[in-house]
Structures are given as structure tokens and as C-alpha cells.
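Engineer: I have a structure I would like to understand better, so I am pasting it below and will then ask my questions one at a time.
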Amino acid sequence: MQRILITNGTIIDPANEIDSIGNLLIEDGRVVEIVSDDAATSIDAESIDARALLVTPGFVDLHVGVGEPGYEEDETIASAALAAVAGGITSIAMLPITNPVVDNRGAAEFVKHQARQAAGSRVFPMGTVTRGARGEELSEIGQLVEAEAIAFTDGKAPIANAEIMRRALEYTGMFDRPILHNAMVPELSDTGIMHEGFQSTRLGLRGIPAAAQDIMTGRDIALAELTGGRLHIMGVATTDAVNQLRNAHSRGIRVSGDVTPYHLLLNDTVMNTFDTLYKINPPLRSQDHIDSLIAGLKDGTISSISADHQPLAIEKKAVELDVAPFGICGLETLLCCCVKALIEPGHLSWSQLIRCLTVGPAEVLGIAAGTLTAGSPADVTLIDPAARTKIDATQFRSLSRNTPFDGQTFTGRVVKTLVNGKVLYDRQKIVS
């Protein structure tokens, strides 16, 4: 019997409304209980001193891009799992946009097999909504459910055909699986580079109007209401999309949304540099949209924060801005970016932030994660909230380095990550 006692830490478990100093007892890979200081002295266990640290459930990420199979130069399942635990993330839902895509049982079984070999976070497969993620006909959704696909998405490819989306929501609703959608009107977004507004006009760059997300979000919510299916909007980035989600919640529609830390931390003025590392989809918006996203997080309209990890071999970004692919490599910078965007300005408390990184995404995916409830898997993240760290992309566990934050200094870092009661990331050992 293996016992671990994490002592003297500030335990933050939003699922159980816990935010207090205590000692967390783990036995055989599962959480046992939070024990008092007096009781802790008599427990025979391996001790981890968490003094001055936050002890939280392991983070859960809703949509993580992985290159395997087909684009292993960008990321493998094993490297993504290692990068995730370095970022405090113990469960990731893998986007099915690989080559070939995960649109059948065999492809999902491959992901599961590779995930079992990875010494990092838990990796959950998702299936595509449509065959080949082409938006033309539904994938083998029943077979994918049997292969334990926990959700369905065509990744960054919007499902433009409303009838296809309607049938997808009906079908996945039968299995109580969510559809994660990049709600963008292709005709308004396909040729764009950045947010359409003053900055795009000044820079002479093709813009993607906020209406591209607003219109598609409205359509998707209407279809979710019609079908009763479960809908999740990935990368909410506009004021109107937030307002539509808020209204949908008031009407009891089964819809949720997430935001990335980049859309909270950066606005479209950074495109002045013409740096391809800032080119993401949805694009970085103007400050008024950022203010709405923060308000949505505060009132619970937006339930989750995702790193939206889109790893790319650096040579793929080292091209002209108009032809460079979209995406930021974000698993290992998730926490520090959230701290800078939300904790330091006082927008969210630590408990509110941890909820968006744990309870929110776990509920969307329907997985047993994001909590320190007794009997749950001992997936735990230890955080030093005061530590200052300079980002060094060359030290990433991810195979990719496409981050705009390389060389920047942030507050807050993950110091230790446990999955199933085993320490799979220890910053002190890496540094030493």
C-alpha cells in the first residue's frame, strides 16, 4: 500500500468548495481525505511539503492538438502528455485532426493505445463530427462512442452545413456526448489573418470580423435548443458570443464555452509586429471584446479555460504572415498566462481560476477528473503562486516551440504534478 501525504499546503478544490490550509492524504493512487495537523503526525506515509504552495486538482484541458499520427514533427501523443503534466494538466482531450483523422473506431483505438504508453497526463480521444472533418457526412459516431471517444469535434474546421450540424447534435445527444465547435462562418473568416477593425485597416491585413463568430454561435445555439444536444463553443472571443451564451443559459439550453488565455492577455495591437507567433484562430480581438470575456468568466457564462494547444514545428511559422498556419503551443504556459491575465489584475480569485481549469472542463467532457473528492483519482497539481519564471521554449517538453512568450517573465508556476498518485513532473528535479 502506497501512501503519500501532501502537508501544509493551501488546498483549493472548487468542486467541494474547499479553500484552506490542510494535509491531503493519498493512498494507492486515490484521494483518501484531508486530515488535520494532529492526525497527520501519526500517519506513516511519504511526505511532500507544500508549505507556501497551492494544492489543487490536476487541470483538465478540453481541446489539445497533437500531431500523431501524420504530423509527428509537431507533436506526438507521448510528448503532449509530458508537456501537459509540466503545465499542471493531468487530463487532456485530444483533437482528432490528425492524418488520418479520428473518424472511425480503429483510429480511436490507436490513440488509446499510444496514450497507454505515454508517461504523462491522461489522454482521452475525441472523434470527428464528420468524415475526414470535411463537413459533408457524419462520422461513425456510434462506433466512436464504443471506442470511448468522449466528445466530437472537427477541430478548427467549422461545420458550415446547418443540416449536418443538426443531425450531429441529435445523434451525439443520444449518447450524451458534446460537440465542440469552432463557431466561425467560413465565408467571413477563411481568407482573414487578424481581427477586422482599426488595426487591420491600418496594417493593411485581411480581417476576420467578430460577426464570423457571432453569426455561427447564434445558429449553433438555435440548433442545440431545437435538438436538445450538447454544444460547446471553443475559443469564445467576441462580446456578442458571450451575450448569446449568457442568454442561452437563462433559457436552459445545453451550451457551454471556453476561452483561451491568449484572448484574455493579448489584443490585436500585437499584430503590429507582423509576428506569425501571434496568428491564432479565432484571432486576437480588441480590448472591448477582452473586457466582455473577463465579465463572462466572472459570472460563470464561460465555464472553462483551454490552452488551445496547437503545436507547430517552428519552420512552419517561419514564413510570411498571410501563409503561416494559425496556432500557439500552450500547454506549458497555461497557468502563468492565466495568472498574468486574471489573478494579477484581480479579475478572478485563485479558487475561481482553478474552477475554470478543473471543474468546468471536466463537466463538459463528462469525465471523473478535476476534483479532490475522497475516492477520486489522485491527480494533483502543486503551484507556487509567487515564483517568478522566465519562459525558455528550448526547455519545453513539447516538440514544438511556437510560443510568443519565449523570453518573457511571468509569476506563478507549476512545481509538481501527480497523476494517479505518482509524481510525473517535479520542477526541482529538472532544475537541479
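The values are calculated or read from the model by the stated rules, or taken from the named source; none is laboratory data. The model shown is predicted, which means the values in this text are computed figures rather than measured ones. Virtual Cβ from ideal backbone geometry, glycine too; neighbours counted across all protein chains shown.
Engineer: I want to confirm something. Restricting to region 148-167 and keeping residues that are small (Gly, Ala, Ser) and surrounded by fewer than 24 Cβ atoms within 10 Å (Cβ to Cβ), which single residue is nearest to the chain's Cα centre (by Cα)?
Structural biologist: Gly155
Engineer: Has region 343-356 got at least one residue that is without any contact (Cβ under 8 Å) to a residue 24 or more places away in the chain, surrounded by fewer than 23 Cβ atoms within 10 Å (Cβ to Cβ), under 26 Å from Arg122 (Cβ atoms) and touching a strand residue (DSSP E or B) at 6+ places or on another chain (Cβ under 8 Å)?
Structural biologist: Among the residues of region 343-356, not one is without any contact (Cβ under 8 Å) to a residue 24 or more places away in the chain, surrounded by fewer than 23 Cβ atoms within 10 Å (Cβ to Cβ), under 26 Å from Arg122 (Cβ atoms) and touching a strand residue (DSSP E or B) at 6+ places or on another chain (Cβ under 8 Å), which makes the answer no.
Engineer: Taking Ala241, is it part of a helix (DSSP H, G or I), small (Gly, Ala, Ser), at pLDDT 95 or above and in contact with a strand residue (DSSP E or B) (Cβ under 9 Å, 6 or more places away or on another chain)? Break it down into steps so the answer makes sense when it comes.
Structural biologist: Details: part of a helix (DSSP H, G or I): yes; small (Gly, Ala, Ser): yes; at pLDDT 95 or above: yes; in contact with a strand residue (DSSP E or B) (Cβ under 9 Å, 6 or more places away or on another chain): yes.
When the stated conditions are applied, Ala241 passes them.
Engineer: While we're on this one: Please go through region 370-382 and pick out each residue that is buried (at least 18 other Cβ atoms within 10 Å of the Cβ) and of a type in the set (Ser, Thr, Tyr).
Structural biologist: Of the residues in region 370-382, the ones buried (at least 18 other Cβ atoms within 10 Å of the Cβ) are 370-372, 377-382.
Result: Thr371, Thr381.
Engineer: Go through region 259-286 and count every residue that is of a type in the set (Phe, Trp, Tyr) and either touching a Phe, Trp or Tyr at 6+ places or on another chain (Cβ under 6 Å) or in a helix (DSSP H, G or I) (or both).
Structural biologist: Step one: of region 259-286, the residues of a type in the set (Phe, Trp, Tyr) are 262, 274, 278.
Then drop every residue that is not either touching a Phe, Trp or Tyr at 6+ places or on another chain (Cβ under 6 Å) or in a helix (DSSP H, G or I) (or both), which leaves 262, 278.
Counting residues in region 259-286 that are of a type in the set (Phe, Trp, Tyr) and either touching a Phe, Trp or Tyr at 6+ places or on another chain (Cβ under 6 Å) or in a helix (DSSP H, G or I) (or both) gives 2.
Engineer: Against the conditions (1) polar (S, T, N, Q); (2) buried (at least 19 other Cβ atoms within 10 Å of the Cβ); (3) outside any strand (DSSP E or B), where does Ser256 fall short? Just the number, please.
Structural biologist: (3)
Engineer: What residue, among those in region 383-393 that are assigned to a strand (DSSP E or B) and surrounded by fewer than 23 Cβ atoms within 10 Å (Cβ to Cβ), is modelled with the lowest pLDDT?
Structural biologist: Of region 383-393, the ones assigned to a strand (DSSP E or B) are 383-390.
Then keep just the ones that are surrounded by fewer than 23 Cβ atoms within 10 Å (Cβ to Cβ); that gives 384-390.
Numbers: Asp384: 98, Pro385: 98, Ala386: 97, Ala387: 97, Arg388: 96, Thr389: 93, Lys390: 97.
Result: Thr389.
Engineer: Please enumerate the residues belonging to region 118-129 that are crowded, with 24+ Cβ neighbours inside 10 Å and either within 22 Å of Asn281 (Cβ to Cβ) or modelled with pLDDT under 95 (or both).
Structural biologist: Result: Met126, Gly127, Thr128, Val129.
Engineer: Among the residues of region 287-324, count how many are assigned to a loop (DSSP other than H, G, I, E, B) and out of contact with any helix residue (DSSP H, G or I) (no Cβ under 6 Å at 6 or more places or on another chain). Can you show your working first?
Structural biologist: Of region 287-324, the ones assigned to a loop (DSSP other than H, G, I, E, B) are 299-303, 306-308, 310-313, 318-324.
Filter once more, so that each one left must be out of contact with any helix residue (DSSP H, G or I) (no Cβ under 6 Å at 6 or more places or on another chain): 299-300, 306, 308, 310-313, 318-320, 322-323.
Of the residues in that region, 13 qualify.
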